[in-house]
Amino acid sequence: MKLPFSDEASRRAAFPVCNDAIFLGHAGVTVLPRAVADAMVEYTRASSTQHQEFGGFIKDMQATRALAARFIGAQADEIALLGPTSLGLSLFANGLPWERGDEVVFHAEDYPANVYPWLELERRGVKVKLLRPEAPGEITPELVAAALTPSTRLVALASCHFLSGYRIDVDAIGRLLHERGVLFSLDAIQTLGAFPTSVEHVDFLSADAHKWMLGPMAMGIVYVKKAHFPLLRPTLLGAWNVRSPNFIAQEEIAFPDTAMRYEPGVLNAVGMYGMRAALELLESVGVEAIATHLLALKGRLVAALRELGFTIYGRAEGPNASSITTFHHPHLPMEPFFKRLEAAGVVASLRHDRAGQAYLRLSPHFYNTEAELDRVVELLKEGV
């Protein structure tokens, strides 16, 4: 794998967190690489000597839009630079012309950001159909196909489940839905930056930068297929996305012919510069190479955890596995393990399922090393 560093010293320089901690919390809120933090600081400092939309801002905004589009296989004019993820998902849910009796399908155990926007549609007479797979997140094309009816208007799924780490087959499900004339909305925050994620068979996508994209919070990628611009009406309106020549409000509302129609006002500019730097970093490494490395790390971690008697939650290998490794011990509480890791400078996540079972979730990225994972295993072994 092509890395942006050649030795441990340069790794620590590129990712300063490595000097003080082992950061394995990328499925939560990422720590920022130095290049990302530097880009945000540079913009902020420049904004103290000139106005915040200084000369190159519009050019940089368009360059970020093009970079984000390339990242998911879209066109630049199909990208709105908005975050968090729930904002994009809410734009999709609220902007479609639903009719009473339409059906929307989604996963009952998904992350709440991809549940509530769709659940709220019941107030508009839309019928909610909840997918309930045998294991959380394990959404297969067959399961989706069985839920479809002639009234199904849209299926909303996550590209990867936040707890089990199960990655769905986006292309297979998307093809199935489009053959049936059903729209497909994708919450891609748990794969963008870690695994290749294409919108070839997706209608709408939303993903904030603050997880695997290694970017800041409240800035992300919102994708709307250009053919759906007339269908998906913007529900947030302002001076940017409604044509206002010379900043004079008009008697009629008219939108731009690009995805900027979903950006009602000025962007989170400092976040945009951070996300641009993060995407450039990921592109320099290559997402395919990142995915290969992450699965290799997962294999090493899973083998060691099983040897210690832990039970893996979700798929440990195969095409649906991800870098998210969630586990518990059948006879020991997980909270003491979490505190042990925390005290040793390991950033992990403590999560619970609906039944109240506690789990540890480890989510390493491409800059994490085998030695770091081995150290984590040693710490866990002390508590077994």
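The values are calculated or read from the model by the stated rules, or taken from the named source; none is laboratory data. Remember, predicted model here, so these are calculated numbers, not experimental data. No Cβ is skipped: glycine too gets one built from the backbone with ideal geometry, and neighbour counts run over all protein chains shown. Only protein heavy atoms, including side chains, enter the accessible area calculation; ligands, DNA and RNA are left aside. Shrake-Rupley method; radii C 1.70, N 1.55, O 1.52, S 1.80 Å.
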Among (1) in contact (Cβ under 8 Å) with a residue 60 or more places away in the chain; (2) within 22 Å of V224 (Cβ to Cβ); (3) open to solvent by less than 20 Å² (accessible area, probe 1.4 Å), the one test that A158 misses = (1)
Filtering the range 229-248 down to residues that are without any contact (Cβ under 8 Å) to a residue 40 or more places away in the chain and closer than 29 Å to T197 by Cβ, which residue is most open to solvent (accessible area, probe 1.4 Å)?
-> P230
Which of (1) touching a residue at least 60 places away in the same chain (Cβ under 8 Å); (2) open to solvent by 20 Å² or more (accessible area, probe 1.4 Å) is the odd one out, the single condition H178 does not satisfy?
-> (1)
Name the single residue, out of those in the range 205-228 being open to solvent by 10 Å² or more (accessible area, probe 1.4 Å) and of a type in the set (A, V, I, L, M, F, W, C), that is nearest to I72 (Cα to Cα).
-> A227
Look at S48 and say whether it is assigned to a helix (DSSP H, G or I) and either over 24 Å from L294 (Cβ atoms) or open to solvent by less than 30 Å² (accessible area, probe 1.4 Å) (or both).
-> no
Among I173, I189, I168, which is the only one that is open to solvent by less than 30 Å² (accessible area, probe 1.4 Å), at negative phi, touching a Pro at 6+ places or on another chain (Cβ under 7 Å) and not hydroxyl-bearing (S, T, Y)?
-> I173
Is it true that some residue in the range 351-359 is surrounded by fewer than 13 Cβ atoms within 10 Å (Cβ to Cβ), in a helix (DSSP H, G or I) and modelled with pLDDT of 95 or more?
-> no
Look at R153 and say whether it is under 26 Å from I221 (Cβ atoms) and in contact with a Leu (Cβ under 9 Å, 6 or more places away or on another chain).
-> yes
Residues in the range 322-329: is at least one in contact with a strand residue (DSSP E or B) (Cβ under 8 Å, 6 or more places away or on another chain) and either loosely packed, with under 14 Cβ neighbours inside 10 Å or more than 22 Å from W212 (Cβ to Cβ) (or both)?
-> yes
State yes or no: is A296 without any contact (Cβ under 8 Å) to a residue 60 or more places away in the chain, assigned to a helix (DSSP H, G or I) and more than 27 Å from M40 (Cα to Cα)?
-> yes
Being open to solvent by less than 40 Å² (accessible area, probe 1.4 Å) and of a type outside the set (V, I, T) is the filter here, so list the residues in the range 300-312 that pass it.
-> L301, A304, L305, L308, G309, F310
Which pairs have Cβ atoms under 7 Å, sit 6 or more apart or on different chains, and link a residue in the range 195-212 that is more than 15 Å from F184 (Cα to Cα) to one that is in a strand (DSSP E or B) and open to solvent by 10 Å² or more (accessible area, probe 1.4 Å)?
-> F195/R167
Filtering the range 58-75 down to residues that are farther than 18 Å from N268 by Cα and open to solvent by 10 Å² or more (accessible area, probe 1.4 Å), which residue is nearest to the chain's Cα centre (by Cα)?
-> F71
Candidates E378, E372 - the one that is among the acidic types (D, E) and either in a strand (DSSP E or B) or open to solvent by 60 Å² or more (accessible area, probe 1.4 Å) (or both) | E378
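Rundown of residues vs (1) farther than 24 Å from I173 by Cβ; (2) surrounded by fewer than 22 Cβ atoms within 10 Å (Cβ to Cβ), yes/no style:
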site: P33; (1), (2): yes, no
site: G56; (1), (2): yes, yes
site: A80; (1), (2): no, no
site: L89; (1), (2): no, no
site: F92; (1), (2): no, no
site: G101; (1), (2): no, yes
site: Y116; (1), (2): no, yes
